[in-house]
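The values are calculated or read from the model by the stated rules, or taken from the named source; none is laboratory data. Keep in mind that what you see is a predicted model, and the values were worked out from it rather than measured. Positions of Cβ are backbone-derived with ideal geometry, glycine not excepted, and every protein chain shown enters the neighbour counts. Ligands, DNA and RNA are stripped out before the accessible areas are found, and what is left, the full protein with its side chains, is counted by its heavy atoms. Shrake-Rupley method; radii C 1.70, N 1.55, O 1.52, S 1.80 Å.
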Amino acid sequence: DDYLIWPHYDALNLPVLLLRGVTSDLVLPETAAEMRRRGPGARGLLKHIEVPGCGHAPALNVLQQLEWVT
């Protein structure tokens with residue numbers, strides 16, 4: 001809890017893309033769930049994709065991953 005940014009996240013009023021590696025130890029499933037529950041998530045502005053076989057974040061270097069951001 002050294003750096004609480006929830007108030008900043010809650011203030012976002014724009015589309016947000018959360019690409020979370022399934023095995024990430026930085027963005028925990030509980031954090032992703034909270035992101036869906038509040039801020040842009042609560043307003044229907046969050047797109048959340050769980051990336052199988054991936055740690056913290058995907059490299060976006062394969063076609064499927066590129067399609068998520070284009």
* Asked: Right, LEU18: on the phi > 0 side of the Ramachandran plot, of a type in the set (A, V, I, L, M, F, W, C) and not in a helix (DSSP H, G or I) or not?
  -> no
* Asked: Quick one: is GLY55 part of a loop (DSSP other than H, G, I, E, B) and in contact with an Asp or Glu (Cβ under 9 Å, 6 or more places away or on another chain)?
  -> yes
* Structure fact -> Within region 14-68, restricting to residues that are in contact with a strand residue (DSSP E or B) (Cβ under 7 Å, 6 or more places away or on another chain) and of a type in the set (Val, Ile, Thr), the one that is farthest from LEU4 (Cα to Cα) is VAL51
* Mind listing whichever residues of region 46-62 are more than 12 Å from the chain's Cα centre (by Cα) and open to solvent by less than 80 Å² (accessible area, probe 1.4 Å)? => CYS54, GLY55, ALA59, LEU60, VAL62
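Here's the yes/no breakdown for (1) open to solvent by 40 Å² or more (accessible area, probe 1.4 Å); (2) in contact with a helix residue (DSSP H, G or I) (Cβ under 6 Å, 6 or more places away or on another chain); (3) outside any helix (DSSP H, G or I):
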position: LEU4; (1), (2), (3): yes, no, yes
position: PRO40; (1), (2), (3): no, no, no
position: GLY44; (1), (2), (3): yes, no, yes
position: GLN64; (1), (2), (3): yes, no, no
